[in-house]
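Read through the structure below, which is laid out as structure tokens, and then see the notes.
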Amino acid sequence: MLNVIGIFLLVGGCTAIGMQSAAKLNKRVTTIIAWRAAIEQLHAEMSSRVRALPELVLYLSQSGPDLLRDSFMQLSIVYSTPHDARYSVLWGNWINSLSLEKEERDILRDLGNSLGQHELDSQLSAFESADKRLAAAEQRALLRRDKLSRLYAAGGLLCGAAIAVILI
């Protein structure tokens, strides 16, 4: 009886590891979609109201994508404290502190290099460029998720079953 319980636990544990890997792929897609929405909001607000960057970040911490509100609140706090660093440096440090894939981190760091330093047209074109690059990253992430999600889940199940057979 104990062997049967152990086998179920082993198979279930390996399946859970596979499902967790599949969930990471889905989280990446969701995060990219949220960043694209945030960039769209930043672009719209900056082009229609010409606000300072700290105001825009505070705005996103209150009405941006739910997934990113806490992160934008952290950045808003950093921007509101007295500092000698440029906004782009603070943005880059903030981006580095977030759990993002390298591709998204690079895109957002590049966007931050233009924020608050150039004329409005240059900043708006930086938003458009970042959105295009994130859209391409989203497509690659979707393809990867669709291709590997079932593989990870099934692989976890098969791995657990294989170990159970070996132990029997």
Estimated distance in nm for a label pair at residue 30 and residue 135, the labels positioned 7 Å out from Cα along Cα-to-Cβ: 2.4
Loop trypsin sites (Lys or Arg not before Pro), region 40-76, which have at most 14 other Cβ atoms in a 10 Å radius of their Cβ (DSSP): 51
Give, in whole angstrom and from largest to smallest, the semi-axes √(5λ) of the equivalent ellipsoid of region 46-141, with λ running over the eigenvalues of the Cα gyration tensor. 20, 16, 14
For 147, 27, what's the fewest-to-most ordering of other Cβ within 10 Å of each Cβ? 147, 27
Report, in deg cm²/dmol and to the nearest 500, the calculated mean residue ellipticity at 222 nm for the chain, where each DSSP H run with n ≥ 4 adds -39500 (n - 2.57) and the sum is divided by the residue count. -29500 deg cm²/dmol
Å³ per residue enclosed by the Cα convex hull of region 2-167: 129
Run the numbers for residue 81 and residue 102: contour at 0.36 nm per residue of separation, minus the present Cα-Cα distance, in nm. 4.7 nm
What ranking of 59, 152 emerges when the number of other C-beta atoms within 10 Å of each C-beta is taken as an exposure proxy, fewest first? 59, 152
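Every read-out reported here was derived from the displayed coordinates using simple, explicitly stated rules and does not represent laboratory data. Owing to the predicted nature of the structure, the values given are computational and were not obtained by experimental measurement. Glycine also receives a Cβ, built like all others from the backbone with ideal geometry; neighbour counts cover every protein chain displayed.
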